[in-house]
């Protein structure tokens with residue numbers, strides 16, 4: 001049930017600063033060209049005026065929401081009186097929460113346009129406070145709902161069609177009934193929300209505000225200041241000395257706060273363990289999966305199948321060793337650099353849009369027409385401007401159109417980013433256009449399927465168009481590295497996450513040494529005999545913010561495997577494959593995520609989609625080896 005706004009708003013608060021799992025940064029030459037926002041044509045700016053015409057209109061709505069929250073509390077103790085009373089509560093909630101989200105998204109998106117401007121960050125902070133108030137005001141709802149006999153609710157829903165809409169949501173709530181506490185205890189947990197968020201908030205400030213990075217000499221001998229946001233830019237340098245110096249400078253800086261970082265991560269894990277013990281879960285993994293109704297077997301399928309196929313990743317490491325001529329083995333700073341130099345793949349924004357539409361053509365005319373309309377309706381904030389947030393994301397709410405933040409420079413990666421974020425936005429648009437509010441948001445387990453499917457369709461299309469072996473090799477390198485970053489690496493991160501939770505549950509102290517040892521062991525196992533492990537790598541876990549998101553990262557890997565399965569069947573011309581996929585995109589959360597994926601033809605309770613993805617990786621790897629002659 002969408003009875004707690006805090007959970008919903010927290011997803012919006014975590015708009016990613018990073019493109020999927022392959023962050024990028026502009027070169028220094030590109031940064032010099034960045035214009036002011038006022039210099040950009042309106043057609044390249046997102047249409048936030050469609051949410052509120054002015055900041056003053058936002059303020060009026062914010063104050064209105066402040067006064068209306070108490071109306072929800074008036075229903076306390078009355079939900080079980082009648083079907084009409086319960087329906088009235090649901091209708092009021094489903095009116096207020098979308099408005100709250102709309103209010104937040106406007107302020108949040110405005111704050112990304114120019115991070116030098118404090119006004120909108122102040123608006124966001126006010127909404128965070130209101131979100132906590134909202135969570136506290138509704139802490140009684142779930143206990144009160146689950147106190148109503150299911151037989152009574154069932155009769156009400158059969159007799160009242162409008163109330164019947166909420167059947168799946170109520171079924172999902174009652175499924176978790178044994179983990180829902182009495183109202184007063186739920187209120188106390190809601191009050192502690194900011195306490196549990198403290199480790200993650202402190203980590204963000206430590207990593208993004210307090211750490212100062214050293215300087216190095218780049219490949220031209222110019223002294224440059226390192227930054228975490230440019231990590232992958234330095235790691236892509238063909239000059240190994242630059243990669244090594246940058247890695248040691250950035251990771252070494254994190255090592256300098258290793259004890260503080262360990263204490264923060266331990267605080268996060270202890271918060272998860274509190275939830276496990278308070279709500280009676282078996283362990284942290286079970287608690288994290290329960291909200292999406294994901295069996296532990298799905299997670300285990302991923303981890304076990306990936307481990308069974310580690311020889312493929314070892315083979316990829318060996319390929320890197322040969323191509324990059326790493327006689328002393330592949331170090332961590334050698335894992336990100338391209339196998340070949342840049343390909344001459346450049347696109348104006350208009351060319352990128354047209355290329356995207358051609359690549360997405362297998363999804364049908366209606367899908368592509370909606371994409372084009374989205375571009376023309378200014379879903380997208382296209383170009384970098386001074387002060388604009390880096391990276392890319394897709395956002396929006398039930399009451400708004402989707403919105404995409406880009407920083408478009410004209411490279412192939414930017415085209416790929418456009419397709420990726422358009423996948424998110426189309427998933428959101430189709431879900432919200434089809435489902436009532438209660439089911440309009442898709443579960444996070446499914447969140448990366450549409451974006452990844454779009455990327456794969458683009459890669460297939462570009463590979464078909466390219467005849468130059470060097471360009472093809474470049475694209476194969478992008479595919480292999482994308483797979484490594486999304487499937488191998490995220491599963492590895494998830495294993496590490498599971499390990500530290502197990503250690504904490506067993507009473508093993510989570511210190512910088514014990515956490516580092518666990519991370520080092522898993523790195524060596526994953527990358528194999530041609531990987532050379534440096535002691536500094538044992539501190540790399542510190543720069544991964546996803547460890548403050550409670551078993552989130554494995555979903556990148558499962559989504560990738562599901563997406564490759566779906567695309568392969570669409571490209572093979574399987575009957576109804578497109579319609580099944582579009583049905584999945586329109587399904588929102590009207591069913592459990594595994595059921596929606598099964599409707600699309602993918603059974604994630606089976607290892608088969610993961611095995612199929614591994615075969616695709618092996619195919620790309622073989623093609624790259626043949627083109628390289630190794």
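All of the numbers you see were taken from the coordinates with simple rules; none came from a lab. Note that the structure is predicted; figures quoted are calculated from it, not measured. Here the Cβ is made from the backbone with ideal geometry for all residues, glycine too, and neighbour counts use every protein chain on show.
Structural remarks
- Extension reserve of the residue 229-residue 615 stretch, reckoned as 0.36 nm per residue once the Cα distance is removed: 135.6 nm
- Calculated log₁₀ intensity ratio I(q)/I(0) where the Debye formula runs over C-alpha points of segment 480-630, q = 0.13, 0.14, 0.15, 0.18 Å⁻¹: -0.76, -0.85, -0.93, -1.12
- For the chain, the longest principal axis of the C-alpha atoms and the axis of helix 55-73 are separated by about 50°.
- The antiparallel fraction among DSSP beta bridges confined to the chain stands at about 70%.
- Point-to-point label distance, residue 66-residue 358, nm (Cα→Cβ direction, 7 Å offset): 5.4
- Rg of the Cα atoms in segment 422-541, relative to 2.2 N^0.38 Å, amounts to 1.47.
- On the basis of the beta-carbon distance and an R0 of 30 Å, residue 124 and residue 168 show a calculated FRET efficiency of 0.40.
- Potential lengthening between residue 327 and residue 236 on full extension [0.36 nm per residue; Cα-Cα distance subtracted]: 30.9 nm
- In units of the compact-protein estimate 2.2 N^0.38 Å, segment 262-312 shows a Cα radius of gyration of 1.43.
- Cα shape, segment 410-463, gyration tensor, a/c 1.5 rule: prolate
- Pairwise centroid distance, computed over Cα atoms, of segment 404-446 with segment 562-630, Å: 18
- CD proxy at 222 nm, helix term only [per DSSP H run n ≥ 4: -39500 (n - 2.57); per residue of the chain; nearest 500]: -19500 deg cm²/dmol
- Rg/Rh (Cα only; Kirkwood hydrodynamic radius) as it applies to the chain: 0.95
- Rounded to the nearest 10 degrees, the inclination of helix 469-483 to the longest alpha-carbon principal axis of the chain is 40 degrees.
- Separation of the residue 81 and residue 56 label points, Cα + 7 Å toward Cβ, nm: 4.0
- Taking 0.36 nm per residue of sequence separation and removing the Cα-Cα distance, the residue 630/residue 464 pair yields an extension gain of 57.4 nm.
- Computed from Cα atoms, the angle from the helix 365-376 axis to the main principal axis of the chain rounds to 90 degrees.
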